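Report on one structure; see the data block that follows.
All of the numbers you see were taken from the coordinates with simple rules; none came from a lab. Given the structure is predicted, the values throughout are model-derived calculations rather than measurements. Quick reminder, even Gly has a Cβ in these numbers, built from the backbone with ideal geometry, and neighbours come from all protein chains shown.
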Amino acid sequence: MFFTNFFRIVKTNILQVLATVFLLSFLIFLLNIFISLTSNIYSFSKEIKWKLWVYLYFKEWDQPEQIQKTYNLIIEIKSKLEKDWLKVKYLSKDEAIKTLSKRLPKIIQNFEKYWIKNPIPPTMYITFNSEKEYQNLKKIVTDKKYSDIILNLSDIWPEDSFKTQEKRISKIIEFSNFLIKFYIFLSIVLVFIILWFITLIIKINFYWFYNQIEVEKLIWFSYFQIKLPFLLYWLSVILFSFLLSLIYSMILTNYLDIYFLNVFWFELSDIIKSNINYIRNLLTLEILFLCSISIIVSNMFLTRMIKKI
């Protein structure tokens, strides 16, 4: 009986079902976009929040003696910085290109395609959290005996001073926090629109089968028996809409891959693949939330309407 009523609802309103699935899938698609933007901006903000940094490029030499001398000086710089509690990461020329290849594989492929040799010099990344650490860093790195091996020393001081960098990062964090709040607000609005849309469609279907429901109530059908076909109907609509929204997302990703590859030298799909477990968990939580909140709202709405008959 339940499934008979369920199929009757779908069959009677097939055009409405298709229109509902299409519109709802688009709303869920927008919701996914806002959620992904919020998540990425939050991750970026969290990562940059306590990361004031400078990076040093080291000169490359051909003579073995000069290579060894440079290497010894690099180790000396690293040791001094670490003694002052600064976080230091040194990457040789080969290590730097390997690190880049993991993050931006398309760039390395273009290097190989056009027979470009590894253009990345040995690099040292130094992060710090305070003015004192910055001054200690500056004192160590600007020692005259290191001036011949550091390529970008003039670019670091004084333009990227602590205050300048701190101010810049503060503005980035402030703007990212605004975007997070804005996208959360839009996501909440979309959820309310979806819930309002649910109640509207259920109300239309309810009155479409008003006479049948009246008869069912007269022959002592329980509220659950009356509501179940409508709840199954709406649950099916949500699931199909969610699947359709994922198809939209896949199409958009394939379309954006072309632009990402041309502008940033890597594909958006590469980022998605590297975070597939996180994305899968997030989508699972999203569909569970949508189904749960939809069933709760639908159940309450149907109960109230049945009581009025």
Past 23 Å, Cα to Cα, is the threshold; run Lys69/Lys93; Lys83/Lys132; Lys98/Lys138; Lys78/Lys117 against it and keep the listed order. Lys98/Lys138; Lys78/Lys117
Apply 1/(1 + (r/R0)^6) to the Cβ-Cβ distance of Val191 and Gln212, taking R0 = 25 Å, and write down the FRET efficiency to the nearest 0.05. 0.20
Linear extension gain, Phe26 paired with Asn275, 0.36 nm per residue minus alpha-carbon span: 87.3 nm
